[in-house]
């Protein structure tokens, strides 16, 4: 066997590994980070009054720098919404049937508010998952002290209804 034939597999392996390492920082690495949505209570109304437009507004406290450091990667170049879900915790057997539509938006200091998820109609189930709006980069908002706001249409539930949830974002390195 010639020297070239014996050396070629090793040379090819070095090229392949170098190419893989060289592209690791080019968007091929991503991971999820989640934040819980604390319990929110919608006041009940036996008369079924109209829901207030703003259901809740909470800070999105995701430390992207710590997350990338914890994964041993380079800096993030974008962050996208992967999922947002809400689950009713009380009363037992309650559903989101009182909500007709829900829109989730993000805002940050000095940035225009942008819709990141929307669901209409809302199913009458105890857990809902709101589909993300494609192509929205959350990184500038997170870096500017992001707040997520839920806006709804519908009517108030018959009794006080408490739900919580989870926001999952994907960090792209």
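From the list 22, 74, the one residue that fits, being in contact with a helix residue (DSSP H, G or I) (Cβ under 7 Å, 6 or more places away or on another chain) and either modelled with pLDDT under 85 or not in a strand (DSSP E or B) (or both), is 74. Within region 25-55, being modelled with pLDDT under 90, within 19 Å of the chain's Cα centre (by Cα) and under 17 Å from residue 90 (Cα atoms) holds for one residue alone: 55.
Could you identify the single residue in 157, 121 that is more than 18 Å from the chain's Cα centre (by Cα), in a loop (DSSP other than H, G, I, E, B) and surrounded by 15 or more Cβ atoms within 10 Å (Cβ to Cβ)?
Numbers: 121 fails: surrounded by 15 or more Cβ atoms within 10 Å (Cβ to Cβ).
None of the others qualify; the one that does is 157.
Considered as a group, the residues in region 124-147 that are assigned to a loop (DSSP other than H, G, I, E, B) and more than 13 Å from the chain's Cα centre (by Cα) include one that is farthest from residue 75 (Cα to Cα), and that residue is 124. Residues that are surrounded by 14 or more Cβ atoms within 10 Å (Cβ to Cβ) and in a strand (DSSP E or B) within region 86-100 comprise 86, 87, 88, 89, 99, 100, listed in sequence order. Residue count for region 27-43, restricted to those that are outside any strand (DSSP E or B) and farther than 21 Å from residue 76 by Cα: 1.
Just the residues that are loosely packed, with under 11 Cβ neighbours inside 10 Å and within 17 Å of residue 141 (Cα to Cα), please, taken from region 66-85.
Within region 66-85, the subset loosely packed, with under 11 Cβ neighbours inside 10 Å is 66, 72.
Within region 66-85, just 66 meets the criteria.
The values are calculated or read from the model by the stated rules, or taken from the named source; none is laboratory data. The shown structure was predicted, so the numbers you read here are calculated from the model rather than taken from an experiment. Here Cβ is always computed from backbone atoms with ideal geometry, including for glycine, and neighbour counts include all displayed protein chains.
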